[in-house]
1. Considering the stretch 68-93 alone, what residues qualify as being within 14 Å of the chain's Cα centre (by Cα) and of a type in the set (A, V, I, L, M, F, W, C)?
2. Quick one: what pairs do we get from the stretch 142-171, first residue of a type in the set (Ser, Thr, Tyr), second modelled with pLDDT of 90 or more and open to solvent by less than 50 Å² (accessible area, probe 1.4 Å), C-beta under 9 Å, 6+ apart or different chains?
3. Which of the residues that make up the stretch 122-141 are surrounded by 13 or more Cβ atoms within 10 Å (Cβ to Cβ) and not in a loop (DSSP other than H, G, I, E, B)?
4. Six or more apart or on different chains, Cβ under 7 Å: which pairs go from a residue in the stretch 1-27 that's without any contact (Cβ under 8 Å) to a residue 40 or more places away in the chain to one that's assigned to a helix (DSSP H, G or I) and not aromatic (Phe, Trp, Tyr)? Could you list them?
5. Read through the list (1) surrounded by fewer than 18 Cβ atoms within 10 Å (Cβ to Cβ); (2) more than 18 Å from Ala29 (Cα to Cα); (3) modelled with pLDDT under 95, then give the number of the only condition that Glu144 fails.
6. So which of Ala156, Ala147 ends up being part of a loop (DSSP other than H, G, I, E, B) and of a type in the set (A, V, I, L, M, F, W, C)?
7. In the list Ala61, Ala30, Ala26, Ala68, which residue meets the criterion of being within 21 Å of Glu146 (Cα to Cα) and among the aliphatic types (A, V, I, L, M)?
Amino acid sequence: MTRFTVLVADPRPRSFTRSAALTAAAEVAARAGITSEPDVIDLADLGPDLLTESATSVTEALERVHAADVLLIASPQVHGTYTGLLKVFLDRLPELGLGHTVAVPLAVVDDLRNSHGIEEDLRVLLADLGAWVAEPGLVLAADEVEAPEGVIRAWADVAAPGLHQAVSVAA
């Protein structure tokens, strides 16, 4: 069974980014033949523990991410790139800590004209950790995030075949 994890890096707990990520996970999983329910890690729930060396909640979250076969990473754009929350968390993974993982980037941006940077930055970060990064990533405009279903369905139609192939090869 494919272990599918959704990692939400929005500083606001239970955010629209999280809702969009769960919708995207369900849509792409259904099309890619992934039947397992996604494990959800919302970094906002970890709060200050992210800066604590021995926090059990962070250690457990890192283990769940490391064990994922498919990892959908969702971040709003902050100062042109992904959140510091995501960077602080992923910095705790070992070198090539995502070496067996298929990563799916999801970015929420204020303006689609400025979306290239975050999608590219997420790809580089995930690839540096050893992940195979699925294409295309999903970029949502902030004004789409409250009702993203149409955009997500169109993206999932395009992204699912590659994800299915990557998961099949990795298995």
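The values are calculated or read from the model by the stated rules, or taken from the named source; none is laboratory data. Here the structure is a predicted model, which is why all the values come from computation and not from measurement. Note: ideal-geometry Cβ built from the backbone for every residue, glycine included; neighbour counts use all protein chains shown. In case anyone asks, the SASA skips ligands and DNA or RNA and just uses the protein heavy atoms, side chains included. Shrake-Rupley method; radii C 1.70, N 1.55, O 1.52, S 1.80 Å.
1. Ala68, Val70, Leu71, Leu72, Ile73, Ala74, Leu85, Leu86, Phe89, Leu90
2. none
3. Leu122, Arg123, Leu125, Leu126, Ala127, Trp132, Val133, Leu138, Val139, Leu140, Ala141 - these are the residues of the stretch 122-141 that are surrounded by 13 or more Cβ atoms within 10 Å (Cβ to Cβ) and not in a loop (DSSP other than H, G, I, E, B).
4. Final answer for the pair search is Arg12/Ala44; Pro13/Ala44; Pro13/Asp45.
5. All conditions pass for Glu144, except number (1).
6. On the way: Ala156 fails: part of a loop (DSSP other than H, G, I, E, B).
Result of the check over Ala156, Ala147: Ala147.
7. Numbers: Ala61 fails: within 21 Å of Glu146 (Cα to Cα); Ala30 fails: within 21 Å of Glu146 (Cα to Cα); Ala68 fails: within 21 Å of Glu146 (Cα to Cα).
Of the residues listed, the single one that is within 21 Å of Glu146 (Cα to Cα) and among the aliphatic types (A, V, I, L, M) is Ala26.
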